[in-house]
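The next block holds one structure in the form of structure tokens; read it before the comments.
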Amino acid sequence: MEVIPIPEDTETKCYKILLIEDDQSLNEPLQYALHQQGYEVRSTTDGREVVRLLDLTEPDLVVTDIIMPDIDMLDLITSLRLSRPQIKIIAISGNTHLLRLAARHGADHILPKPFRVGELHALVKRVLA
């Protein structure tokens with residue numbers, strides 16, 4: 001897990017995002033891109049860390065891949081909806097069937113892979129507005 005600190009001169013509310021993506025080649029650029037937009041971002045590629053990071057970071061938004069090793073993300077989305085309804089959830093996946101399931105389980109928005117970073121930026125901004 002890597003934490004990228006936010007710039008000290010940020011004047012707007014700093015939203016906290018937990019990024020859950022097991023593909024390191026996607027995780028790192030997404031984390032960097034969200035940080036560049038002024039968000040405090042924590043990320044993991046390890047499904048076993050997800051619950052601990054949720055407790056540690058108390059995120060405003062979770063951006064998560066649906067297919068993760070060592071954790072059923074659909075169950076986690078359902079659990080978050082029941083226990084922490086204030087947390088917004090964006091589900092990402094290349095599998096459209098799983099994205100539809102994620103929406104039924106309580107994801108606020110879904111984003112099919114592949115996507116452009118600008119699409120994610122716009123969706124995050126809209127979700128946190």
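Coordinate-derived values only; no laboratory data. These figures come from a predicted structure and were not determined experimentally. Note: ideal-geometry Cβ built from the backbone for every residue, glycine included; neighbour counts use all protein chains shown.
Miscellaneous remarks
- A Förster radius of 22 Å combined with the Cβ-Cβ distance from residue 23 to residue 86 puts the calculated FRET efficiency at roughly 0.20.
- Added length on full extension, which subtracts the Cα-Cα distance from 0.36 nm per residue, residue 97 to residue 119: 5.9 nm
- When the helices of the chain are scored as -39500 (n - 2.57) per DSSP H run of n ≥ 4 and the total is divided over every residue, the value at 222 nm lands at -12500 deg cm²/dmol.
- Residues 65, 72, 22, ranked from the fewest to the most other C-beta atoms within 10 Å, line up as 72, 22, 65.
- Per-residue packing, averaged as other Cβ atoms within 10 Å, sorts the ranges 49-57, 112-120 into the order 49-57, 112-120, beginning with the highest.
- Ranked by how many other Cβ atoms sit within 10 Å of their own Cβ, fewest first, the residues 121, 97 fall in the order 97, 121.
- Within the chain: Cβ-based charge dipole about Cα centre, in debye rounded to nearest 20 (Lys, Arg +1; Asp, Glu -1): 620
- Ranking of 44, 96 by count of other Cβ atoms within 10 Å, fewest first: 96, 44
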